[in-house]
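See structure below.
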Amino acid sequence: LVLLASHSEAERLVAAERRALLLVAVGASVFLIVAFWILLGRILIRRVSALQLAMRAVEGGHLDVKAPGPPEGGDELAYLSRGFNRMLAQIRGFNADLTGRIEEATAELTKKNRDLEELNELLVAARRDLTSKERLAALGQLAGTIAHELGNPLNALNGHLQLLARRPELAEPARSQVAVLQGEVGRMTQIIRRFLDQTRGFTPTAETVELAPLVEEALDLTLGTEARQRIQVAREVDGVAVRTDPGLVRHLLTNLVANAIDAMPNGGRLEVQARSEGKEVVLRVSDTGTGMQPDVKRHIFEAFFTTKPDGKGTGLGLAICKEIARALRGRIDVESEPGKGSAFTVRFPEADAHAA
Ligand SMILES: Nc1ncnc2c1ncn2[C@@H]1O[C@H](COP(=O)(O)OP(=O)(O)OP(=O)(O)O)[C@@H](O)[C@H]1O
Ligand SMILES: [Mg+2]
């Protein structure tokens, strides 16, 4: 009986021990699992949020970011990061390529636009040139009509004056007065003929002339006493002789100097340059006058374009200068700044050079 009783007691004790052991084992496992889970979660969350941050940056347009991770090996997350970085590199490549192509296309478009603008300018200039030429041609016709209309009475006048001059009984001072009248009629005929020549086009002559006296003549013809007082005149003239048409050169200089004087009503500085450059003659007339606004500058070579009051300007000066420059196989250019002044430059080859 005693044995039986101690045996069952032993069994109970063993069972209790086993339960306690099991409880401790289960508790320890649960603790370990929870601790491991928290630790792993912490590390994982940090890496995932770093990846998320990189994605957000890309969403915001920053393609130069990089998801953190080792260059090789590692877990699935590292693999994901590398994949993301590769994709980003590809996008960056596409982007650079696209930007390059857009820049190229833009540059090409800009160039085409510029070409178009230039073409347009040329077209406008050509049209303006045409109207200028048409107007000059019209002027030529007008001058022809006037010359014809005036020519007949002038011829009659000349004839009568000749008859009068031949009369022996004509006494002084009538005789001298008739001579003066004959001279004046001759001048009128000449003026009309020259005017006709100017409007019909020019055929330049070729003479060997010095530039300095031509400049002085032009200044003498245009600078009145009043202008000399308010305007300071500077010359820069080569002491050389050139082969050209002196009449046309004088015409160019007088027109340009006259304009410069008109542009300086309150005084200023006029500079006339005349030089020989290689086989080219270069004339330059500059002033410190009013200058020109772009919309005036655009029209100055058109016949009849003037900003001067009636009776002061006909607007023919520069149109004729341009025709002269063309006849001399040269060109006329203008630089001007409103309020600062203007400079006109004419360059043309010497007669022998273009005769070749
Ligand atoms: N040096 C200059 N400074 C400022 N404007 C100028 C100058 N030269 C010419 N211009 C402008 O160009 C216009 C045309 O000049 P252009 O010589 O053809 O005619 P104009 O001087 O008006 O008359 P004209 O037939 O008597 O010479 C002028 O009316 C003026 O507005
Ligand atoms: Mg003029």
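When you check VAL346 against the structure, is it in the same structural domain as GLU226 (by TED's automatic domain parsing), out of contact with any Ser or Thr (no Cβ under 6 Å at 6 or more places or on another chain) and part of a strand (DSSP E or B), yes or no?
yes
What are the residues in the range 163-174 that are in contact with a helix residue (DSSP H, G or I) (Cβ under 7 Å, 6 or more places away or on another chain) and either assigned to a helix (DSSP H, G or I) or among the charged types (D, E, K, R) (or both), if any?
LEU164, ALA165
Tell me yes or no: at least one residue of the range 249-268 is part of a helix (DSSP H, G or I) and away from ligand 1 (no atom under 16 Å from the Cβ).
yes
Quick check on my filter: what residues within the range 232-258 are under 22 Å from SER342 (Cβ atoms), in contact with a strand residue (DSSP E or B) (Cβ under 6 Å, 6 or more places away or on another chain) and either acidic (Asp, Glu) or more than 16 Å from ligand 2 (Cβ to nearest atom) (or both)?
Residues satisfying the conditions are GLN232, VAL233, ALA234, ARG235, GLU236, VAL237.
Among the residues that make up the range 276-284, is at least one of them open to solvent by 20 Å² or more (accessible area, probe 1.4 Å) and over 15 Å from ARG347 (Cα atoms)?
no
Out of the residues in the range 272-326 meeting the condition of being outside any strand (DSSP E or B), over 19 Å from ALA125 (Cβ atoms) and more than 16 Å from ligand 2 (Cβ to nearest atom), tell me which one is nearest to the chain's Cα centre (by Cα).
Once the filter is applied, the top-ranked residue is THR288.
Filter the range 215-252 for residues that are charged (D, E, K, R) and touching a residue at least 60 places away in the same chain (Cβ under 8 Å); which is farthest from GLU277 (Cα to Cα)?
Ranking the candidates gives ASP245 first.
The values are calculated or read from the model by the stated rules, or taken from the named source; none is laboratory data. Model, not experiment: these values are computed from the prediction. As a convention, Cβ positions derive from the backbone with ideal geometry for all residues, glycine included, and neighbour counts pool all protein chains shown. Calculation scope for accessible area: heavy atoms of the full protein, side chains included, ligands and nucleic acids excluded. Shrake-Rupley method; radii C 1.70, N 1.55, O 1.52, S 1.80 Å.
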